[in-house]
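Throughout, read-outs are computed from the coordinates displayed, never taken from laboratory work. As the structure is a computational prediction, the values presented were derived from the model and not from experiment. When we count neighbours, we look across all protein chains shown, and the Cβ atoms used for this are built from the backbone with ideal geometry, even at glycine.
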Amino acid sequence: MQIRAAVLEEFGKPLVVQDVSLDGPGRGEALVRVHACGVCHTDLYTASGADPTGYAPCVLGHEGAGVVEAVGDGVTLLAPGDHVVTLFAPECGECVHCRDPRTNRCVAIRERQGEGFLPDGTTRLSRGGERLRHFMGTSTFAEATVMPEIALAKVSPEAPFAGAAVFACGLSTGIGAALNTARVQPGATVAVFGCGLVGLGCVIGARLAGAERIVAIDLSEGRLEHARRHGATDTLVGGPDTVAALRDQTGGFGFDFTFEATGNVAVMGQAVEAAREAWGLATMCGVAGKGELLEVLPRLLITGRRVTGSSFGGVLGRTQVPQLVERWLGGEIDVDDLLSHRMGLDDVNHAFELMERQDGIRTILEIS
Ligand SMILES: NC(=O)c1ccc[n+]([C@@H]2O[C@H](COP(=O)([O-])OP(=O)(O)OC[C@H]3O[C@@H](n4cnc5c(N)ncnc54)[C@H](O)[C@@H]3O)[C@@H](O)[C@H]2O)c1
Ligand SMILES: [Zn+2]
Ligand SMILES: [Zn+2]
């Protein structure tokens, strides 16, 4: 079939929205009509050329929500008409990591996905005879996509697509970092560095976990207002004195749980330092720049602080994304507040500009 899609032709250049060909689903795959897609930093990061593992040409986009239109042979998990959220982190349920409750790092299709191919080593996208590669196994800046069934989460048909889309990456990452990775305990003290979609997700997750104090830190007053709406009990404008201020608020000890959601390695260091002596856990969500290092004084670790990181919030996509969507529909999570701009696929480069200006929390492309 012919579809409209946003193609990354060349790093550092605007995406080109154009007609491309999409083949039908192969064995174990589903064809999904994409209705909405969030625009995430990782799309911009790859488009800019900063990502050393990036490739072009390819169809970008990974925060998608839509409806299954057709399934290939052997598909058992999905049927046409199912509403789905796309998963850049699949859940096969069988690999060495899927069988272990400590992680969501499914390895079933990782290598091929990283190279821009479907699990059988081919692509479903092409243009005038030239194969076009997939991005993150998703390629959802498009009217439709073909994906492995293990990388699609079946969600409630009651969920509006624009809101469902943010569960495909940013929001689930933050909420999951608090609930799955750190396992924030009721009554805990929490500090969240960075209040974009990921950091606000950490605030929401900490609230859902029953944290007693949630301090949100950002450079932008507007974003701190968002944080208050989602459950932050205190807010702080970030800067060089942030750690001292946080320690002062806790009798010099620091916070039970800290989260970093900025991608800035200096802020990651602050999150480690602000974690409580004796048992504080600092969880890194941000993606650092190429070659950047996180420096940690070993003394901070000897005295009991722990450091970890979270990919997609440790969320098991097929199992837990539907559960998070239910919590949203049940009124526990305010997703509308996070959807700042809505526009069509043709405006994808404008959505990137808004992101670079930090205008709004999330822009949603409403595609079909
Ligand atoms: N781990 C994962 O699986 C995963 C998934 C999605 C995104 N990410 C990464 O998470 C990070 C956050 O993503 P986002 O979409 O929320 O980004 P964002 O840019 O919308 O938000 C980052 C926030 O950090 C704030 N900030 C910057 N410097 C600060 C400082 N010194 N002190 C306090 N706050 C500061 C900014 O004002 C901004 O509000 C990015 O690095 C992104 O690449 C990781
Ligand atoms: Zn697996
Ligand atoms: Zn993302």
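Remark: region 4-13, residue by residue, has Karplus-estimated 3J(HN,Hα) of 8, 8, 9, 9, 7, 7, 8, 4, x, 10 Hz, where x stands for each Gly or Pro and the curve is 6.51 cos²θ - 1.76 cosθ + 1.60 at θ = phi - 60°. Rounded to the nearest 20, the Cβ-based charge dipole of region 70-130 about its Cα centre (Lys and Arg +1, Asp and Glu -1) stands at 180 debye. The Cβ shell under 11 Å around ARG247 holds other residues with a net charge of -3, Lys and Arg each +1, Asp and Glu each -1. Highest-first packing order for the peptide set 72-78, 17-23 is 17-23, 72-78, based on the mean count of other beta carbon atoms within 10 Å. Charge tally for LEU354 (other residues, Cβ to Cβ under 13 Å; Lys, Arg +1; Asp, Glu -1): -2. Decide, for region 171-311, between rounded, prolate and oblate: order the square roots of the alpha carbon gyration tensor eigenvalues as a ≥ b ≥ c, take rounded if a/c falls under 1.5, and otherwise choose prolate if a/b is larger than b/c, else oblate. Cα axes put region 171-311 in the rounded bin.
Rounded to the nearest 10 degrees, the angle from helix 221-230 to the longest Cα principal axis of the chain is 90 degrees.
Within the chain, antiparallel bridges make up roughly 55 percent of the DSSP beta bridges whose residues both belong there.
Lys/Arg Cβ at +1, Asp/Glu Cβ at -1, dipole of the chain taken about the Cα centre: which of THR53, ALA282, ALA144 is farthest positive-ward? So the residue furthest toward the plus end is ALA282. For ARG305, nonlocal amide neighbours, meaning residues 5 or more places apart or on other chains whose placed amide H falls under 5 Å from its own, are ALA278. The 3J(HN,Hα) values that the Karplus relation (6.51, -1.76, 1.60; θ = phi - 60°) gives for region 322-329 are, in residue order, x, 5, 5, 4, 4, 5, 5, 5 Hz. Gly and Pro appear as x.
Highest mobility in the GNM of the chain, judged by mean-square fluctuation with C-alpha springs under 10 Å and restricted to GLY286, GLY66, GLY304, is found for GLY304. The value of relative contact order for the chain, using C-alpha pairs under 8 Å at least six residues apart, is 18 percent. Here the peptides 158-171, 90-103, 225-238, 107-120 are ranked by packing, the mean other Cβ count within 10 Å, and the order with the highest first is 158-171, 225-238, 107-120, 90-103. Each stretch of four or more DSSP H residues adds -39500 (n - 2.57); spread over every residue of the chain, this sum gives -6500 deg cm²/dmol at 222 nm. The orientation-averaged projected area of the convex hull spanned by the Cα atoms of the chain comes to 17.0 nm². The amide H of VAL192, built 1.01 Å from its N in the peptide plane, has VAL215, ALA216, ILE217, PHE259 as neighbours under 5 Å, considering only residues 5 or more places off or on other chains. Across region 171-311, C-alpha contacts under 8 Å between residues 6 or more apart give a mean separation that, scaled by the residue count, equals a relative contact order of 22 percent.
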